[in-house]
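The values are calculated or read from the model by the stated rules, or taken from the named source; none is laboratory data. From a predicted model like this one, the values you see are computed outputs, not experimental measurements. When we count neighbours, we look across all protein chains shown, and the Cβ atoms used for this are built from the backbone with ideal geometry, even at glycine. Calculation scope for accessible area: heavy atoms of the full protein, side chains included, ligands and nucleic acids excluded. Shrake-Rupley method; radii C 1.70, N 1.55, O 1.52, S 1.80 Å.
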Amino acid sequence: MMTRPADPAIDEAATPARARSARALVQAVRWRTGLSQAEFAEAFHIDLTLLEDLEHGDARPDAALTAYLRVIDHAPGVVRAALGRAVS
């Protein structure tokens with residue numbers, strides 16, 4: 001059985017040059033948006049308690065949330081527009 005390689009964005013055991021903690025990933029994405037935790041959670045429909053837990057290192061994002069954070073990081077305006085259309 002073939003195992004998938006660990007995601008270096010959330011694999012703290014990855015080589016130091018490639019490893020980024022889950023906490024750092026979440027914080028970096030939010031900080032680049034310039035939003036507070038509450039604003040980020042509301043804008044991107046992420047539970048505020050989960051976001052707080054992620055940023056404090058008390059929780060780790062699953063693969064879907066990691067992918068979603070990367071999309072937000074790449075195109076936050078597009079994500080917000082898509083969410084706005086979905087809610088309307």
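State yes or no: is residue 8 surrounded by fewer than 17 Cβ atoms within 10 Å (Cβ to Cβ), modelled with pLDDT under 90 and over 14 Å from the mean Cα position of the chain (by Cα)? Before the answer, list the steps.
Details: surrounded by fewer than 17 Cβ atoms within 10 Å (Cβ to Cβ): yes; modelled with pLDDT under 90: yes; over 14 Å from the mean Cα position of the chain (by Cα): no.
Answer is no for this residue.
Quickly run through the stretch 41-62 and pick out the residues that are touching a residue at least 12 places away in the same chain (Cβ under 8 Å), open to solvent by 70 Å² or more (accessible area, probe 1.4 Å) and within 20 Å of residue 83 (Cβ to Cβ).
Correct list: 45 only.
Working only within the stretch 63-82, note down all residues that are free of Cβ contacts under 8 Å to residues at least 12 places away in the same chain and farther than 17 Å from residue 22 by Cβ.
Answer for the stretch 63-82, where residues must be free of Cβ contacts under 8 Å to residues at least 12 places away in the same chain and farther than 17 Å from residue 22 by Cβ: 74, 75, 77, 78, 81, 82.
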